[in-house]
Every structure is written in structure tokens, then in C-alpha cells.
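Below: one structure, written as C-alpha cells.
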Amino acid sequence: MRVGMLTGGGDCPGLNAVMRAVVRKGDHTWGDEVVGFLDGWKGVVEGRTRPLDVHAMRGTLPRGGTILGSSRTNPFKIDGGVERCQATLEAERIDALVAIGGEDTLGVSAKLHELGVAVVGVPKTIDNDLNATELTFGFDTAVQICVDAIDRLHTTAESHDRVMVVEVMGRHAGHIATWAGIAGGATMILVPEEPFDIEEVASALTDRHQQGRYASIVVVAEGAVPKEGTLALASGETDQFGHVRLGGIGSVLATEIEARTGFETRVTILGHIQRGGTPTAFDRVLATRFGVAAIEAVHDEAFGQMVALQAGDIVRVPLADAVGELKLVDPALYHGVAEVFFH
Ligand code: F6P
């Protein structure tokens with residue numbers, strides 16, 4: 001078979017490991033030819049490709065990012081974009097497409113599948129907010145990077161008796177913040193799912209310091225929001241999928257905490273460091289399992305499906321199940337576990 005492959009949306013450690021597995025399994029078992037489209041859907045719209053064979057994938061297992069490049073291009077938002085995608089797939093004689101991406105890339109895949117494109121999805125996002133899969137690769141790596149940073153921040157926070165605000169990724173869901181906060185021993189974790197009251201945050205920190213404890217780590221997801229009317233936030237630009245560029249809640253929070261408590265407060269915004277570098281062993285294994293399962297799904301003609309992790313097994317789910325709604329942080333984890341340590 002001639003199989004097309006692309007990586008869309010924000011990059012993520014483990015993308016190359018997925019592609020390597022697709023190529024290796026496809027080559028050894030069926031003699032597939034794999035064609036990589038450059039820069040996500042942009043490469044399909046523009047007909048830009050590169051061959052992906054066993055040789056091209058050598059050495060890529062531990063490599064972060066994506067050797068194909070990525071973009072947030074949405075062909076449904078470009079004049080004639082869908083027709084151009086269809087023309088490229090025909091010109092390249094693509095029998096099936098493996099699309100590796102998050103909600104947006106898989107949303108485009110679901111719509112193209114309805115138009116007759118043979119596509120299989122692989123879930124990717126460091127945010128871990130995709131439905132129908134318990135985990136996405138890249139999440140474990142991102143959490144580990146955050147925990148390493150929080151461990152370091154503890155010692156300097158204690159030396160100076162400061163409040164440290166750590167801003168992590170998580171646009172709509174606070175999985176990274178919750179896991180990194182629990183693992184890093186945070187004093188408080190603020191997530192998009194639970195709008196916060198800045199007065200309550202400040203008084204909890206004041207109580208903690210009055211009880212004689214010193215230094216606090218506040219982990220905040222970039223998409224965390226104040227309760228309505230309690231704090232004004234600036235808004236940024238939007239992309240082709242309508243997402244606002246986030247980043248900045250940590251600085252606002254640090255300024256407000258210092259002003260309301262009188263405690264010296266500093267902010268660390270981890271930003272894209274969380275998406276860079278080599279995947280953890282867990283993510284390499286998960287990505288490899290997803291890649292093998294994706295090419296198997298192609299040969300079973302399970303089009304319109306996404307490979308997913310459920311109860312430890314790799315299963316297939318309709319693409320529509322993955323993109324309908326986001327997976328939010330389990331309240332039992334946030335309220336039942338994380339909150340126990342908020343003081
Ligand atoms: O991939 C998801 C994500 O990492 C979000 O957590 C974050 O808001 C966004 O990507 C950042 O995107 P960009 O790299 O386009 O600024």
C-alpha cells in the first residue's frame with residue numbers, strides 16, 4: 001500500500017517514535033511505501049512531501065519534535081483547501097492516510113473521512129485532553145519536565161521564603177498542572193476546570209505562612225480562569241481553529257498574590273520547554289504501540305477510526321468520539337487527592 005502520514009498541531013515528544021513504528025511495521029509486514037506530508041495539513045494542501053522509509057526513520061526514536069514539521073493549518077478554512085487536499089492525495093496515489101494530531105487535526109480527519117478519504121487517527125497532545133483515550137503520548141514527558149522544574153523551585157523558594165508561581169501548559173484542561181502539582185508537592189493547583197477566587201488563593205497562602213510554614217509553590221495551568229468578575233485578564237490572537245494564544249496568567253497571579261499577601265512572589269513560565277526534547281521511556285513505548293496499531297488499522301481498513309489507550313490496551317474508537325468533547329481532569333483526582341495537600 002502507499003500510505004500517507006502527517007503530524008499536525010503543536011509538536012509533542014514521541015511523534016517521531018509513532019512514525020518510526022508505522023514505517024517499520026508497514027515495511028516488514030506488508031512492504032508498504034510511506035509518504036510524509038510536510039507541516040501538517042499545509043503539506044497536503046500544497047502537495048509537499050518527503051519519502052519515509054526505514055532508513056529515513058533511523059535514529060528518530062529518542063528525537064523530540066517531528067521530522068515532518070507541523071502547523072495549525074485547517075484546510076476547511078482555506079478557499080479550495082479541501083479540494084486541494086483531495087487532488088494531492090490522488091496525485092500521490094495515497095491509499096490511506098495516518099494523521100497524528102490532537103483535537104483539531106483529528107477533527108479535520110473526521111470531516112475528510114466523511115468525504116471519502118481513508119484515514120486513521122493517532123492521538124497526540126501533551127495536554128492529555130483528548131477524549132476516548134486514557135493517555136496521549138507526550139503527556140508523561142511534559143509532566144516530568146514540570147516536576148523537575150518544581151523540584152528545583154522548592155529549594156530556592158525555601159531559601160528566600162518566597163511564593164513561586166509555576167505556569168504550565170493546559171489550554172482547556174488541567175491534566176499537566178494536576179499531575180505535576182501532585183508529584184511536585186504543590187501548595188495549590190489552579191486549573192481551567194475550577195475557576196479560582198484570587199482572594200481565596202491569597203488568604204490560603206497567608207494562613208499557611210502564619211502557621212509557620214514557609215515558601216509555597218502554586219502551579220497554574222495557562223488556561224486557568226478567575227471566577228467571573230474577580231480579576232481582569234488580557235486576551236491574545238487566535239489561530240485558524242479559533243484558539244486564543246494563552247500564556248500570562250502566571251504573571252498576573254504572581255503580581256496579585258504579592259499585592260494581597262505581602263509575600264515576595266516570583267513566576268516561572270515553563271512554556272514550550274514542556275514540549276521539547278526527548279520523550280520519556282513511557283512515551284516512547286506508548287507512541288510505538290500507537291504506531292504499530294495505526295498501520296494495522298490501515299490494513300484492516302478501519303478508516304474513520306483512531307487508535308486509543310483504554311484499560312492498558314490499545315483499541316480503536318471512532319474519530320468522532322475523540323473530537324466531540326474534551327477530556328477534563330477527573331474531579332476525584334483534583335478534589336479527592338490534589339486538594340488534600342492545598343495548605
Ligand atoms: O499542543 C497544545 C499546546 O501545547 C497548548 O497547551 C498550548 O496552549 C499550545 O499548544 C501552544 O501552542 P503554540 O505552540 O502554537 O503557541
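Just one of (1) within 14 Å of the ligand (Cβ to nearest atom); (2) in contact (Cβ under 8 Å) with a residue 60 or more places away in the chain; (3) within 20 Å of Arg266 (Cβ to Cβ) fails for Ala204. It is (1).
Inspect region 140-152 for any residue being assigned by TED's automatic domain parsing to the domain that holds Val34 and among the basic types (Lys, Arg) and give the result as yes or no. No, region 140-152 contains no residue that is assigned by TED's automatic domain parsing to the domain that holds Val34 and among the basic types (Lys, Arg).
Take the conditions within 21 Å of Glu301 (Cβ to Cβ), out of contact with any strand residue (DSSP E or B) (no Cβ under 7 Å at 6 or more places or on another chain) and not aromatic (Phe, Trp, Tyr) and apply them to Ala17. Does it pass? When the stated conditions are applied, Ala17 does not pass them.
When Val44, Val22, Val35 are checked against the criterion of being within 25 Å of the chain's Cα centre (by Cα) and in contact (Cβ under 8 Å) with a residue 60 or more places away in the chain, a single residue qualifies: Val22. Summed over region 1-29, the residues that are under 13 Å from Ala294 (Cα atoms), assigned to a strand (DSSP E or B) and within 16 Å of the ligand (Cβ to nearest atom) give a count of 1. Being assigned to a helix (DSSP H, G or I) and at pLDDT below 95 is the filter here; which residues of region 158-190 pass it? Selection gives Glu158, Ser159, His160.
If you check Asp53, Asp32, Asp104 for being surrounded by fewer than 17 Cβ atoms within 10 Å (Cβ to Cβ) and either under 20 Å from Arg316 (Cα atoms) or more than 16 Å from the ligand (Cβ to nearest atom) (or both), only one passes: Asp53. Counting only strands (runs of 3 or more DSSP E) wholly contained in region 217-328, the ones carrying 1 or more residues that are assigned by TED's automatic domain parsing to the domain that holds Thr105 occupy 305-310, 313-318.
Let's see how each residue does on (1) surrounded by fewer than 19 Cβ atoms within 10 Å (Cβ to Cβ); (2) modelled with pLDDT of 95 or more; (3) not charged (D, E, K, R):
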| site | (1), (2), (3) |
| --- | --- |
| Gln240 | yes, no, yes |
| Val244 | yes, no, yes |
| Gly248 | yes, no, yes |
| Leu253 | no, yes, yes |
| Arg260 | yes, yes, no |
| Gly271 | yes, yes, yes |
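Ala281 - would you say it is within 18 Å of the chain's Cα centre (by Cα) and loosely packed, with under 14 Cβ neighbours inside 10 Å? Here the answer is yes, as Ala281 does meet what is asked.
If you check Asp283, Asp300, which single one turns out to be in contact with a Phe, Trp or Tyr (Cβ under 6 Å, 6 or more places away or on another chain) and either under 21 Å from Gly65 (Cα atoms) or away from the ligand (no atom under 16 Å from the Cβ) (or both)?
Numbers: Asp300 fails: in contact with a Phe, Trp or Tyr (Cβ under 6 Å, 6 or more places away or on another chain).
Within the list Asp283, Asp300, the selection yields Asp283.
Would a scan of region 297-315 turn up a residue that is among the charged types (D, E, K, R), buried (at least 18 other Cβ atoms within 10 Å of the Cβ) and out of contact with any Asp or Glu (no Cβ under 7 Å at 6 or more places or on another chain)?
Going residue by residue through region 297-315, those that are among the charged types (D, E, K, R) are 300-301, 313.
Cutting the leftovers down to buried (at least 18 other Cβ atoms within 10 Å of the Cβ) gives us none.
Looking for residues that are among the charged types (D, E, K, R), buried (at least 18 other Cβ atoms within 10 Å of the Cβ) and out of contact with any Asp or Glu (no Cβ under 7 Å at 6 or more places or on another chain), one finds none in region 297-315, hence no.
Residues of region 191-216 that are part of a helix (DSSP H, G or I) and not acidic (Asp, Glu): Ile198, Val201, Ala202, Ser203, Ala204, Leu205, Thr206, Arg208, His209, Gln210.
Hey, any hits in region 80-92 for a residue that's more than 25 Å from Ala320 (Cα to Cα), surrounded by fewer than 18 Cβ atoms within 10 Å (Cβ to Cβ) and more than 16 Å from the ligand (Cβ to nearest atom)? Talk me through it step by step, then tell me what you get.
Here is the first cut: in region 80-92, the ones more than 25 Å from Ala320 (Cα to Cα) are 91-92.
Imposing the further condition that a residue be surrounded by fewer than 18 Cβ atoms within 10 Å (Cβ to Cβ) reduces the set to 91-92.
From the residues that got through so far, the ones that are more than 16 Å from the ligand (Cβ to nearest atom) too are 91-92.
Checked against the condition, which is being more than 25 Å from Ala320 (Cα to Cα), surrounded by fewer than 18 Cβ atoms within 10 Å (Cβ to Cβ) and more than 16 Å from the ligand (Cβ to nearest atom), region 80-92 yields at least one hit.
Selection of first residues in region 138-157 that are within 15 Å of Pro279 (Cβ to Cβ) and without any contact (Cβ under 8 Å) to a residue 60 or more places away in the chain and of second residues that are part of a helix (DSSP H, G or I) and not aromatic (Phe, Trp, Tyr), restricted to Cβ pairs under 7 Å at least 6 apart or on distinct chains, gives the following pairs, ordered by first then second residue: Val143/Ile176; Val143/Ala180; Val143/Ala183.
The values are calculated or read from the model by the stated rules, or taken from the named source; none is laboratory data. Everything numeric here is computed off the predicted structure, so don't read it as measured data. Virtual Cβ from ideal backbone geometry, glycine too; neighbours counted across all protein chains shown.
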